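J.: Got a structure here, written out as C-alpha cells. Questions coming.
The values are calculated or read from the model by the stated rules, or taken from the named source; none is laboratory data. Treat the numbers as computed from the prediction; the structure is a model and nothing was measured. Here the Cβ is made from the backbone with ideal geometry for all residues, glycine too, and neighbour counts use every protein chain on show.
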Amino acid sequence: MRGRLAGRRWSSAALVVVAIALAGPGAAQGKGRCGTHPWCDTSLSPARRATLLVDALTPNERIGLLAGDDATGVGGAAGTHTGVSTGVPRLDVPSFFQTDGPVGVRSGSATAFPSSMSLAASFDRRLARRYGGLVGNEAKLKGNDLVFGPTVNLLRTPLWGRAFETYGEDPFLTARLGVEWIRGLQAQGVIANVKHFAANNQEGKELPIRVVEGARYMVDARVDERTLREMYLPQFEAAVKEGRAGSVMCSYNRLNGPHACESRTLLERILRRDWGFKGFVLADYGASKRVSTGLRAGLDYEPYPFFDSDNGENYTPTAVQAALAAGRIDQGLIDAAVRRLMSGLLAFGFFDRPAYVDDDSRVDKAGHAKAARTIAEAGAVLLKNKKSVLPLDAKRLDSLAVIGADADRFVNGGGSSRIEPYTFTSPLKAITARAGGGVDVRFDSGADLERAAKVAEGADAAVVVVADAAGEGVDKPCLKLDCGAPPIAGASLKRDELVKRVAAANPRTIVVLETAGPVLTPWRNSVRGIVEAWYAGQAAGPAIARVLFGDVDPGGRLPATFPRREADLPTAVNEKRYPGVNNVVRYSEGVLVGYRWFDRRKISPAFPFGAGLSYTRFAFRDLRVRRTREGVGAKVSADVVNTGSRTGTAVPQVYVGLPGAADRIQPPRQLKGFQSVTLKPGAERRVSFQLDERAFSYWNTDRNRYLVAPGCYRIYLASSSRDIAGRKTLALGGGRCGASSSGR
Ligand code: BGC
C-alpha cells in the first residue's frame, strides 16, 4: 500500500511509524500491546501481519471479530463507546473502540462543534483540517480508536433530516473539506470512517398515518452511472484516495437494487477495484442484511449486531455459524473479512501502541471551545445587510430587543450527531454580555406575538433568533421554520410570523437563523439584516454575539441554495423524485442538484450557493487562465483586493462550464476552486487555483471512465454561483472557442 499524506508519497510502513509517532508521548514501538507474536513484527506489511494473525486465530475467534460486542454505548452515556469489539485476549488482539461522529464525540459531554454545514460554509480547508484534528484528539482522549465520520453525503434535498451533518450540495466542496477533516483526524492516530456509502440522501417523509415513505432503511435510490460518478461518489473517492480514510461505513439504503452493504458493485468494484481502497468496510447500525451476501459483497465488520432494520441477519456468531453450516458461506469469506479488518487496524498502528485511555480531564476544553467559536464565526453567513444595520455598535445603542425562545437554548441536530456540550452560553447571554452595561437588553420569548412586537417596538434595534428542527430518522415535513419543530418553553412558537411582527414593529430588525440547512425566508424583504449561524454548537452564543457586534467578519458563504419557494427544488417536481413511491426514489434530475438545477432552469433563488456578504468590500481583478504545460489542466489566478475600511474575509470561487451534448446536459457552472482569504483594509493578494483534469471531465458511461470532451470550456471567477466577477474561455481536447462562446 502506498499512501499520499501531506503531498508526499508514503509507504505503509511509514504510515505505521507516523501513526505510532502521533499516538502521543510514550507510544513507541515495543510499548504497544501486540506482544511477541509473529504478526507483531512491524517491518512486515500490514497485509502480511494480518495474514499471520488470522492464521493463528481459531475459526470461532475469527467469527467473533466480525461483530461488535456492546449494545449500550449507542445511547451516548459517559464512559461508553458507540461501538466496541472486545478483541481476542488469548492472542492479545486488543479491544477496539468506536465513537460517533462528524460534529463531536458522543459519550457523555464533549465539545459540541459547529455542524458540518457550518464548517462547509467557511469554505476553508485549513479550518476543516483543524476541526478533524480536534475531534480526533477528543476521541482519542475519550479512549476511541475510530470515529464514525465524516458524513460526506450530498445534500440532495434540504428537507433531509441530516442536512446539518453534510457539507452541502456541491461534491467538490464536500470532497475538499472532507479530505482535510479526515487528514486532521487521522493525524491524531484515530481512524476515520467516511459515511454513509452511498447515495444516502434522505431519512424519509412521514405520512399522516405515520408510515414513512422513502425511509432510509428501505429506500432504493435509483441513480444513473454518470450522476453517481459526478455527484454522489467523488467525495468518497477523494476521502479514500487523498484523505486515506482507513474505513468506510456502508449505508442503510438500497442503491440500484441491492442494499449498499450488500452491493458488490459498490464495495468490491468501485471502492476496492476502481479506487484501490485497502481499509475495511463496516455497516451502519442495522444496515447489514444477510451474512452471505454481506461477506460476498465485501462488508467486513458490523459494530452493532443488535438490531436489523429489515428483518435481516446480523454478523452475530450464531447467524454466521448457521450460514456456514448451511453452506451459504465458507470459511474463506470470513477469513478475508477479518484479514481486511485486522490489516486496516495494523496499518494505523493500532497494535503497536498502548490503548488510548478514556480520561477526558486531559482535553484542553478551553482551547477546543475557542476553536469551536472560531469555526462558528468562519461559518456564519451574512445574507443581508441593508443600510449597514450590522455590525451593531454598543456605543450607539441605548436599548436592544432580543426576541425568540431559540435565543435562550442550545440548538442542535438530533440523532447520532447530537452532542452534549461541555459548556454552553446562549446567544441571549452572550449578546447581553457583549452589549455591556450601557445597553438595555430586553428579551421576549415570542410566545405571545403582540407582546414580542411591543418589546421590539421600543428598542433601538431588534435581533430575532429563530431555529428550525432537524434530526436523524425522519425528514423535515417542509422548509418553513416551524415545520417539525417541537414546542419550546411550553409554547408553540410561530417563528415566521414572529419575524414578520417584529419587523413591522422595528425598522432595524436583524434575523439570526440557526438552521440545519436552507430554509424559506418569506420575510427577507422586510428585515434589514440576516445572519445564518447554522447549528453552531456550544459556541453559538459567543460566535453570534461577536459577528453581530463586528468583533469578527462573518466569514461564511452558502454551501447550499436557499430557494424562494419549496416548489423550486429539483426534488419537488414529483413524488417519484422525493420522497419516492413504494420506497423507490428516482434521481431523475441527474447531475442537476442544488445550484446546478437553479442555474440550468434559470430559477432565481432567495440566496444563491456561494453567497455571503462581508462587513468590508472586495474586488476581484485581473483574472488569468493558463493551461498547464503537461496533461489537461489549468492554473487560474486573480487579485483579491479589500477595497473597504475593515478587515474581512473574501471567498473567491472558480466555476467551470463544461461543453454539453445532446445526450449530456451540463450545468452552466460547477464549482472547481475556492479559497477563504482574510485581508486588512487596502490589502491585496494574488490567489491561484489549480484545476486538474477532473475539473474538466464528465463521466462517460460507455467507456466507463472520466473523459474530457473536445470543446470550449468557460471559466468563471465569482463571489457566488450567481455573482460573476470575471470570465474566460479555454479550448480543450482539440476543441475551439468561437466568437459566440465568449464565456457567457
Ligand atoms: C447512523 C450513523 C451512526 C450510527 C451510530 C446510525 O443510525 O446512521 O451515522 O454512526 O447510527 O450511532
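J.: Any residue in the stretch 406-419 that's within 19 Å of Q202 (Cβ to Cβ): show its pairings with residues that are within 15 Å of the ligand (Cβ to nearest atom) and part of a helix (DSSP H, G or I) at Cβ separation under 7 Å, as long as the two are six or more apart or on different chains.
T.: Cβ pairs passing all conditions: G413/F164; G413/E165; S417/E165.
J.: Please pick out the residue among G738, G743, G733 that is within 30 Å of R273 (Cβ to Cβ), at pLDDT below 95 and over 31 Å from the mean Cα position of the chain (by Cα). Working first, answer last.
T.: Details: G738 fails: within 30 Å of R273 (Cβ to Cβ); G743 fails: within 30 Å of R273 (Cβ to Cβ).
Matching residue, one of G738, G743, G733: G733.
J.: What are the residues in the stretch 68-91 that are within 11 Å of the ligand (Cβ to nearest atom), assigned to a loop (DSSP other than H, G, I, E, B) and within 21 Å of V248 (Cα to Cα), if any? I'd like the intermediate steps shown before the answer.
T.: Of the stretch 68-91, the ones within 11 Å of the ligand (Cβ to nearest atom) are 68, 73-76, 81-83.
Checking which are assigned to a loop (DSSP other than H, G, I, E, B) leaves us with 68, 76, 81-82.
Within the stretch 68-91, G68, H81, T82 meet the criteria.
J.: Here is a list: T72, T86. Which entry is surrounded by fewer than 24 Cβ atoms within 10 Å (Cβ to Cβ) and more than 25 Å from G35 (Cα to Cα)?
T.: That would be T72, the only listed residue that is surrounded by fewer than 24 Cβ atoms within 10 Å (Cβ to Cβ) and more than 25 Å from G35 (Cα to Cα).
J.: Take T174 and decide whether it is touching a residue at least 60 places away in the same chain (Cβ under 8 Å), surrounded by 24 or more Cβ atoms within 10 Å (Cβ to Cβ) and assigned to a helix (DSSP H, G or I).
T.: The answer is yes for T174.
J.: Hey, can you tell me all the residues within the stretch 308-338 that are under 28 Å from T36 (Cα atoms) and surrounded by 21 or more Cβ atoms within 10 Å (Cβ to Cβ)?
T.: Correct list: I334, A337, V338.
J.: Which residues, taken from the stretch 269-289, are more than 12 Å from Y252 (Cα to Cα) and either at pLDDT below 95 or of a type in the set (D, E) (or both)?
T.: D274
J.: Moving to a separate point now. What about E497, is it surrounded by 18 or more Cβ atoms within 10 Å (Cβ to Cβ) and under 34 Å from the mean Cα position of the chain (by Cα)?
T.: So E497 does not fit the description; no.
J.: Given (1) surrounded by fewer than 24 Cβ atoms within 10 Å (Cβ to Cβ); (2) of a type in the set (A, V, I, L, M); (3) assigned to a helix (DSSP H, G or I), identify the lone condition not met by L520.
T.: Here L520 meets the rest and fails (3).
J.: Next up: Are any residues in the stretch 675-706 in a strand (DSSP E or B) and exposed (fewer than 15 other Cβ atoms within 10 Å of the Cβ), and if so, which ones?
T.: At the first step, the residues of the stretch 675-706 found to be in a strand (DSSP E or B) are 677-679, 684-691, 698-700, 705-706.
Within the stretch 675-706, E684, R686, S688, Q690, R705 meet the criteria.
Table: residues versus (1) surrounded by 15 or more Cβ atoms within 10 Å (Cβ to Cβ); (2) under 22 Å from P563 (Cα atoms); (3) touching a Lys or Arg at 6+ places or on another chain (Cβ under 7 Å).
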site: S614; (1), (2), (3): yes, yes, no
site: L623; (1), (2), (3): yes, no, yes
site: V632; (1), (2), (3): yes, no, no
site: N642; (1), (2), (3): yes, no, yes
site: V651; (1), (2), (3): yes, yes, yes
site: A662; (1), (2), (3): no, no, no
site: R669; (1), (2), (3): yes, yes, no
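J.: Taking into account only those residues within the stretch 168-200 that are within 16 Å of the ligand (Cβ to nearest atom) and in contact with a Lys or Arg (Cβ under 8 Å, 6 or more places away or on another chain), which is farthest from D352 (Cα to Cα)?
T.: N200
J.: Okay, moving on. Going residue by residue through the stretch 158-166, is there one that turns out to be of a type in the set (S, T, N, Q), within 28 Å of F562 (Cα to Cα) and away from the ligand (no atom under 15 Å from the Cβ)?
T.: So the first thing to find is which residues in the stretch 158-166 are of a type in the set (S, T, N, Q), and the list is 166.
Adding the requirement that they be within 28 Å of F562 (Cα to Cα) leaves 166.
Pick out the ones that are also away from the ligand (no atom under 15 Å from the Cβ) and you get none.
No, the stretch 158-166 contains no residue that is of a type in the set (S, T, N, Q), within 28 Å of F562 (Cα to Cα) and away from the ligand (no atom under 15 Å from the Cβ).
J.: Which residue out of P234, P158 is touching a Ser or Thr at 6+ places or on another chain (Cβ under 9 Å), modelled with pLDDT of 95 or more and surrounded by fewer than 24 Cβ atoms within 10 Å (Cβ to Cβ)?
T.: Values: P158 fails: surrounded by fewer than 24 Cβ atoms within 10 Å (Cβ to Cβ).
Among P234, P158, only P234 is touching a Ser or Thr at 6+ places or on another chain (Cβ under 9 Å), modelled with pLDDT of 95 or more and surrounded by fewer than 24 Cβ atoms within 10 Å (Cβ to Cβ).
J.: Before we move on, is S417 of a type in the set (S, T, N, Q), in contact with a helix residue (DSSP H, G or I) (Cβ under 8 Å, 6 or more places away or on another chain) and within 16 Å of the ligand (Cβ to nearest atom)?
T.: yes
J.: Enumerate the pairs (first residue in the stretch 563-591 and free of Cβ contacts under 8 Å to residues at least 24 places away in the same chain; second residue anywhere and of a type in the set (S, T, N, Q)) with beta-carbon separation below 8 Å, excluding pairs fewer than 6 apart on the same chain, so at least 6 apart or on different chains.
T.: So the pair list comes out as K576/S588; R577/T571; R577/S588; E589/T571.
J.: Return the only residue of D468, D496 being more than 16 Å from the ligand (Cβ to nearest atom), out of contact with any Ser or Thr (no Cβ under 7 Å at 6 or more places or on another chain) and either at pLDDT 95 or above or at negative phi (or both). Give the steps one after another, and end with the answer.
T.: Details: D468 fails: out of contact with any Ser or Thr (no Cβ under 7 Å at 6 or more places or on another chain).
Result: D496 is the single residue among D468, D496 that is more than 16 Å from the ligand (Cβ to nearest atom), out of contact with any Ser or Thr (no Cβ under 7 Å at 6 or more places or on another chain) and either at pLDDT 95 or above or at negative phi (or both).
J.: Residues of the stretch 625-644 being β-branched (V, I, T) and part of a loop (DSSP other than H, G, I, E, B), which ones?
T.: If the condition is that a residue be β-branched (V, I, T) and part of a loop (DSSP other than H, G, I, E, B), then T628, V632, T643 are the ones that fit.
J.: V135 versus (1) under 17 Å from V152 (Cα atoms); (2) without any contact (Cβ under 8 Å) to a residue 60 or more places away in the chain; (3) of a type outside the set (K, R); (4) more than 16 Å from the ligand (Cβ to nearest atom): which is the lone unmet condition?
T.: The one condition V135 does not meet is (4).
J.: Continuing with this model, one more query. What is the one condition in (1) within 16 Å of the ligand (Cβ to nearest atom); (2) not in a loop (DSSP other than H, G, I, E, B) that N144 does not satisfy?
T.: Among (1) within 16 Å of the ligand (Cβ to nearest atom); (2) not in a loop (DSSP other than H, G, I, E, B), N144 violates only (2).
J.: Let me ask something else. Name the residue, out of E169, E203, E225, that is modelled with pLDDT of 95 or more and surrounded by fewer than 23 Cβ atoms within 10 Å (Cβ to Cβ). Don't jump to the end; show me each part of the working.
T.: Numbers: E169 fails: surrounded by fewer than 23 Cβ atoms within 10 Å (Cβ to Cβ); E203 fails: surrounded by fewer than 23 Cβ atoms within 10 Å (Cβ to Cβ).
It is E225.
J.: Conditions first: (1) among the β-branched types (V, I, T); (2) surrounded by fewer than 24 Cβ atoms within 10 Å (Cβ to Cβ); (3) within 16 Å of the ligand (Cβ to nearest atom). V152 passes all but one, so which condition is the exception?
T.: Answer for V152: the failing condition is (2).
J.: Would you confirm whether any residue within the stretch 545-563 is aromatic (F, W, Y) and closer than 19 Å to R434 by Cβ? Spell out the reasoning first.
T.: Step one: list which residues in the stretch 545-563 are aromatic (F, W, Y), which gives 549, 562.
With closer than 19 Å to R434 by Cβ added as a condition, the list becomes 549.
Checked the stretch 545-563: at least one residue is aromatic (F, W, Y) and closer than 19 Å to R434 by Cβ.
J.: Name the residue, out of D398, D408, D393, D440, that is surrounded by fewer than 18 Cβ atoms within 10 Å (Cβ to Cβ) and closer than 30 Å to K365 by Cα.
T.: D408
J.: Could I ask something else about it? Pick from the stretch 92-122 the residues that are in a loop (DSSP other than H, G, I, E, B) and of a type in the set (D, E, K, R): which of them is nearest to the ligand (Cβ to nearest atom)?
T.: That would be R106.
J.: Identify, please: which residue in the stretch 294-307 is outside any helix (DSSP H, G or I) and surrounded by fewer than 24 Cβ atoms within 10 Å (Cβ to Cβ) and is, among those, farthest from the ligand (Cβ to nearest atom)?
T.: F306
J.: To continue, here is another question. Spot the failing condition for W597; the list is (1) buried (at least 24 other Cβ atoms within 10 Å of the Cβ); (2) touching a Ser or Thr at 6+ places or on another chain (Cβ under 9 Å); (3) not in a loop (DSSP other than H, G, I, E, B), and only one is missed.
T.: Exception for W597: condition (1).
J.: Could you give me the residue pairs with C-beta distances under 7 Å whose first residue belongs to the stretch 64-88 and is at pLDDT 95 or above, whose second residue is among the hydrophobic types (A, V, I, L, M, F, W, C) and within 11 Å of the ligand (Cβ to nearest atom) wherever it lies, and which are 6+ apart or on separate chains?
T.: Note: pairs meeting the criteria are T82/V74; T82/F148.
J.: Being part of a helix (DSSP H, G or I), crowded, with 18+ Cβ neighbours inside 10 Å and touching a residue at least 12 places away in the same chain (Cβ under 8 Å) narrows it down to one residue among A447, A462, A452, A504; which is it? Full working, then the answer.
T.: Details: A447 fails: part of a helix (DSSP H, G or I); A462 fails: part of a helix (DSSP H, G or I); A504 fails: crowded, with 18+ Cβ neighbours inside 10 Å.
Unique residue meeting the criteria: A452.
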